[in-house]
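In what follows, a single structure is set out as structure tokens and then discussed.
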Amino acid sequence: MNNIETSTLDKEMPLAPPQVRSNAESELEHYGAIHRDCGIDGRKQTLLKYLGGIAIAFLPFILMVNDPYWLNIIAFTYLMGGLAAAWNIIGGFAGQFSLGHGVFFGIGAYVTARFYTLFDVSPWLSMIPAALFAALIAVLISWPTFRLRGPFFAIATMAFNEVAFVIANHFDSLTNGPSGILIPFKPGFANMIFVERWQYGLLMFVFAALVIGITVLLRRSRLGYYLLAVREDEDAARAAGINVLSVKLRGMALSAGLTSIGGTLFAMYLRYIDPPTLFTMTDVGVKFALITLIGGIGTIAGPLLGAALIIPFENFLRAELASALPGINLAILGFLMVLAALFMKRGLVGALTDLWRKLELMWMARK
Amino acid sequence: MDQILNVLVFGILLGGIYGLVSIGLNLIFGVVRIVNFAQGELVMFGMYGSYYAYTYLGLNPYLAALLVAPLVGLIGMAIQRLVIQPLHNEPNMQIFATFGLLMMFQNIMLAISRGEAVSIGGDAGAAVLALGDMKISVVRLVTFIATTLITVGLHLFLSRTMAGKSIRAVTQDKRSARVMGINVERTFLYTFGLGAGLAGLAGVLLTPIYSITPTVGGNFILAAFAVVVLGGLGSVWGAYIGGLIVGIVEAFAGYYIDPSLKSAIWFVIFLIVLILRPSGLFGQVGAEEVGFREQH
């Protein structure tokens with residue numbers, strides 16, 4: 001990560017030609033520390049940019065609207081993109097690598113499924129208290145854990161995920177234990193159960209757009225800047241008068257609440273939940289992080305881009321290879337994860353930004 | 001009431017197992033300051049190695065250690081050289097990378113073994129030593145003794161030999177160690193190799209106790225992290241005592257509360273320690289906060 005102080009120096013270097021931006025500066029911009037589009041016009045431009053992005057993200061959905069196989073993949077892509085964007089709030093913006101988001105995902109799924117199967121409460125209604133509950137749990141368990149830094153935080157949150165798994169298996173009066181909860185097929189908008197696949201696709205798209213919209217707003221809010229400050233240098237942020245713990249807790253609560261809503265949608269889409277589906281590390285907690293890393297950690301578009309790459313790819317691998325060699329699809333995914341950590345630290349967004357810069361420079365050199 | 005002694009002995013022997021799988025991790029975690037999420041998979045490699053050596057070469061499962069432990073150590077050195085070293089000072093990326101390795105190793109083994117659980121079953125694993133009312137599993141006793149010997153050996157190695165001293169020097173102050181002529185990168189390489197080799201050795205010793213599956217490493221990794229955090233980073237005896245504590249707690253919780261909740265209970269203990277004394281019982285205070293930052 002770049003040190004703000006040195007990069008400001010870089011910027012003021014009189015020798016550098018004004019059009020050529022230093023690496024440090026472009027990286028800072030990538031992390032959102034510099035806003036080029038300030039002012040009213042800038043805001044409009046940004047709004048157009050995001051609307052354009054949403055339109056592009058919507059496109060595959062329209063194209064595949066009659067193909068149930070692809071619609072399934074697209075629905076999952078949007079869902080996982082939204083969930084990764086929710087993880088990105090605390091993992092990317094605040095730099096706190098939570099591996100325990102399965103807990104919040106599970107809360108959303110279990111609360112909704114239980115209220116629905118026991119009391120016939122519409123998921124639309126129960127997902128709100130579920131999200132609030134997840135946010136509350138998030139604050140309670142991260143309050144002490146935020147004392148830990150880096151890998152220690154990751155390990156502790158990983159332990160939360162395991163505890164949730166054990167609890168979900170054990171207290172079967174709440175969760176139905178290992179046999180899981182089956183949600184009966186009663187289609188209807190109020191039940192969030194649909195006959196047509198595209199209806200789910202639309203639902204997931206709205207979820208992803210909502211979460212990304214929230215991250216856009218957050219990114220430009222005071223809290224968003226505080227989160228970045230905490231990520232860059234916790235001690236400096238504290239010295240600057242930021243209440244680090246409260247900032248992290250607010251980020252975590254928001255992230256957890258949105259993750260819980262994703263859990264609700266997941267439960268109503270699959271209509272079956274059990275502890276392994278919700279709490280398997282490689283399927284849930286780590287995958288949110290993996291998708292974000294591949295797409296571009298700490299960026300707005302990264303999580304969705306990562307999901308658009310990983311989810312179809314994963315489906316392809318499973319369909320093509322898993323029957324011949326069980327597990328080989330996950331092995332390849334793991335290998336990809338290692339490669340991404342080694343060579344693509346800024347993800348697809350970073351790679352695309354670099355490419356765009358290069359083209360821009362080439363174009364300018366020609367002129 | 002008369003069961004207490006049995007439960008205690010069972011817990012101590014279980015603690016030996018946890019201590020054993022944690023020793024290598026502690027070396028890697030404490031010295032190289034790397035969170036190796038794939039450590040459980042190295043134990044799994046050790047188990048499969050021992051199993052294959054037994055089935056295809058007819059080697060005694062324990063004798064296989066001479067072959068398997070160095071091999072796993074080499075794998076560890078390759079990991080350090082190819083994956084960890086380039087990610088020096090980037091703890092978040094290390095989490096990703098070693099988790100990727102975990103997924104890779106687990107599923108490659110799944111593809112090779114086709115997911116069937118295997119075991120070196122038979123009489124050896126079931127042998128019991130009866131002491132009055134107590135029944136002690138022989139293989140577990142062997143494991144416990146081996147853990148004790150390895151701990152003592154590692155302690156002597158770190159305190160008496162030049163190589164061990166340079167490892168400790170690097171742990172304490174990388175820069176000064178370099179000034180003193182220690183090749184820090186090479187020390188990391190060998191330490192990681194040693195830690196991985198110990199994981200392989202642990203796997204070999206555990207082969208008669210557990211049935212072997214590609215995901216068996218998952219049983220150990222969180223336990224091992226708990227033990228290391230409980231005992232203290234980089235402390236050899238910390239891993240040993242931490243292992244015993246976790247083992248005894250698990251045995252008592254499993255017997256007196258509910259077997260299915262036992263791991264949740266020691267997770268809670270682990271979290272309490274992490275919160276109250278993050279440096280562990282034998283660790284250096286503050287290591288958990290500054291240990292992963294760049295040392296100047």
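The values are calculated or read from the model by the stated rules, or taken from the named source; none is laboratory data. None of the values given here were measured: they were computed from a predicted structure. Methodologically, a virtual Cβ is constructed for each residue, glycine included, from the backbone with ideal geometry; neighbour enumeration extends over all protein chains shown. Calculation scope for accessible area: heavy atoms of the full protein, side chains included, ligands and nucleic acids excluded. Shrake-Rupley method; radii C 1.70, N 1.55, O 1.52, S 1.80 Å.
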Check: C-alpha center segment A:100-133 vs C-alpha center segment A:222-261, spacing in Å is 26 Å
Gap separating the Cα centres of segment A:173-190 and segment A:72-88, nearest whole Å: 22 Å
Spin-label point model (7 Å from Cα, Cβ direction): what's the A:K44 to B:E116 distance in nm? 7.1 nm
Once amide H atoms are built 1.01 Å from N in the peptide plane, which residues 5 or more positions from B:I212, or in another chain, come under 5 Å H to H? B:V118, B:S119
So with the 1.4 Å probe, I'd like the accessible area per residue for segment A:212-367, rounded to whole Å². 42 Å²
Where A meets B: accessible area buried, both sides, 1.4 Å probe, Å²: 4000 Å²
Taking 8 Å as the Cα distance limit and 6 or more residues as the minimum spacing, I'd like the relative contact order of segment B:107-253 as a percentage. 28 percent
Quick one: 3J(HN,Hα) in Hz for segment A:309-314, Karplus 6.51/-1.76/1.60 with θ = phi - 60°, rounded, Gly and Pro as x. 8, 6, 5, x, 4, 4
For segment B:11-28, in residue order, the Karplus 3J(HN,Hα) values (coefficients 6.51, -1.76, 1.60; θ = phi - 60°; whole Hz; Gly and Pro = x) are x, 5, 5, 4, x, x, 5, 5, x, 4, 6, 8, 4, x, 4, 5, 5, 6
The percentage of the accessible area of segment A:257-367 (probe 1.4 Å, all protein chains present) made up of carbon and sulfur atoms, to the nearest whole number, is 71 percent
Averaged over its residues, how many other protein chain Cβ atoms are within 10 Å of peptide A:143-150's Cβ atoms? 5
Hz values of 3J(HN,Hα) by residue in segment B:259-264 - Karplus curve (6.51, -1.76, 1.60), Gly and Pro given as x: x, 6, 9, 4, 5, 4
Computed helical MRE - 222 nm, chain B, DSSP H runs ≥ 4 contributing -39500 (n - 2.57), nearest 500: -22500 deg cm²/dmol
Computed [θ] at 222 nm, helices only, for chain A once each DSSP H run of length n ≥ 4 contributes -39500 (n - 2.57): -24000 deg cm²/dmol
What is segment A:145-247 by shape, rounded, prolate or oblate, if you read a ≥ b ≥ c off the alpha carbon gyration tensor as root eigenvalues and call it rounded for a/c under 1.5, prolate for a/b larger than b/c, and oblate otherwise? oblate
Spin-label model distance (nm) - A:F343 vs A:V206, 7 Å beyond Cα toward Cβ: 4.2 nm
Give the average, rounded to an integer, of partner chain Cβ atoms located within 10 angstrom of each Cβ in B:261-271. 4
Report the Cα centroid-to-centroid distance between segment A:322-367 and segment B:106-168 in angstrom, as an integer. 41 Å
Under 24 Å from B:K174, Cα to Cα: lysines that are on another chain or at least 8 residues apart: B:K165
